[in-house]
Every structure is written in structure tokens, then in C-alpha cells.
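The values are calculated or read from the model by the stated rules, or taken from the named source; none is laboratory data. The structure displayed is predicted, hence computed values, not measured ones. Methodologically, a virtual Cβ is constructed for each residue, glycine included, from the backbone with ideal geometry; neighbour enumeration extends over all protein chains shown. To get the accessible areas, we keep the full protein, side chains included, count just its heavy atoms, and leave off ligands, DNA and RNA. Shrake-Rupley method; radii C 1.70, N 1.55, O 1.52, S 1.80 Å.
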Amino acid sequence: LIMGTGGLMQYMSRERRGTDAESHRTLFTPECHGYHGERMEKKAGRGVVKVSMGDIAKVNADAIICPANTNLWMGDGVAGAIKRDGGREIENEARRKAPVPIGSAVETNAGGLHARYIIHAAAMDKDLRTDANKVRKATRAALKKAEGLRLQSVAVPDIGTRAAGFPVESAARI
């Protein structure tokens, strides 16, 4: 359940399928796991994982997970796209909740995006470096936060592969 640089995965429960499922777009880059198409869908537990090309800031989902540092600054990459399209109020709210420990997740409003929440997954410290353990902990924390909020669809980007330079192949395994 992973994607390449600039990519994302969206989990959608079966309850949402057949209603507005087609309006939910998810992101993916073709190099992940040898996938070379533009769209993929696979059943996973009680839901569906959808993967396709696109822009995470344009996704229509209950929440978008945002790779974050412990200070919750939204600079470049996925975080920058979310801030650019959703508005500075997302970062302003996040910064009021900072600092947070590595491997944690906090939610904020989604500003002008087509989502209810942004879930900031802290996988990097101030030095913007990460490793597999930090990415794993942050991803789990973000998904647990989404579960606690009882969300039906969550857009999940590859965490730490841009600003922190974490290898895409390693992110794919997590």
C-alpha cells in the first residue's frame, strides 16, 4: 500500500463505494512496485485501496495526510502543495499545536481543500531527516488518528521521500 514520489494512496470504505467513489481521486507514480498504468484498485480488508496519477491537493477525501516535521512547518513538497491550495490557515493551526514528537500525528482543518481534515504525520525533526522507523511510526499514528476521527476516506502520500530524502523504494515497503 504505497506509492512513489509525489504519490498517494486513498483508502475508501465499502460504504462509500458506489456512492461518490468515482469523485475520489488518488495519486500514484508509475515506478512504484513496477506499476506502469494510470489507475489501480484493490480490495483490502473491508475497504478498497485506489491508486492513480494526480495532485494530492486536489483530492476529494475525508482527510489528507501531510508529511510533517516536529515543528509542523509546511514548506515544500506535499506540505507546500497543501498549504498553497488550502491556505495558510492550515499551517497556522498546525503551528499552534507544535512542537510534536516524532511518530505522532495531529489534525487540523483543511482550509480550502476538498477534505474535512489535514492529518500532519511527524516523520522528520528540525533537520528534515528521517528513517524507516520514523516513517513507519508517523504513518501508523496518522492512520490511527483517521480511525479515531471515524473517517471513510484518507489520502496518504509517500512520507519523507522529498524533503527528508527517504528512498521511495523503502517508503513503498512501509
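Looking only at the stretch 118-174, filter to residues that are of a type in the set (S, T, Y) and assigned to a helix (DSSP H, G or I); which one of those is farthest from A94 (Cα to Cα)? Even if it seems obvious, please write down each step before you answer.
Pass one, the stretch 118-174, residues of a type in the set (S, T, Y): 130, 139, 153, 161, 170.
Applying the additional criterion that residues be assigned to a helix (DSSP H, G or I) yields 139, 170.
Details: T139: 17, S170: 27 Å.
Looking at residues that are of a type in the set (S, T, Y) and assigned to a helix (DSSP H, G or I), I get S170.
Looking only at the stretch 105-117, residues that are part of a loop (DSSP other than H, G, I, E, B), touching a helix residue (DSSP H, G or I) at 6+ places or on another chain (Cβ under 9 Å) and either open to solvent by 60 Å² or more (accessible area, probe 1.4 Å) or of a type outside the set (A, V, I, L, M, F, W, C) (or both) come to 3 in all. Against the condition more than 19 Å from N60 (Cα to Cα) and open to solvent by 20 Å² or more (accessible area, probe 1.4 Å), how does K137 come out, does it pass? Taking the combined requirement at face value, the residue satisfies it.
What number of residues within the stretch 111-130 are over 18 Å from K144 (Cα atoms) and in contact with a strand residue (DSSP E or B) (Cβ under 7 Å, 6 or more places away or on another chain)? Count: 6.
Of V154, V168, all but one fail to be touching a Phe, Trp or Tyr at 6+ places or on another chain (Cβ under 8 Å) and either crowded, with 16+ Cβ neighbours inside 10 Å or at pLDDT below 95 (or both); the exception is V154. Apart from one condition, E91 fits all of (1) of a type in the set (D, E); (2) assigned to a helix (DSSP H, G or I); (3) open to solvent by 40 Å² or more (accessible area, probe 1.4 Å); the exception is (3). What's the total number of residues in the stretch 50-64 that are among the hydrophobic types (A, V, I, L, M, F, W, C), buried (at least 17 other Cβ atoms within 10 Å of the Cβ) and out of contact with any His (no Cβ under 8 Å at 6 or more places or on another chain)? Going through the stretch 50-64 one residue at a time, the tally reaches 5. Being modelled with pLDDT of 75 or more and crowded, with 21+ Cβ neighbours inside 10 Å is a property that A68 has. Residues in the stretch 74-88 that are open to solvent by 20 Å² or more (accessible area, probe 1.4 Å), within 19 Å of D158 (Cβ to Cβ) and free of Cβ contacts under 8 Å to residues at least 60 places away in the same chain: K83, R84, D85.
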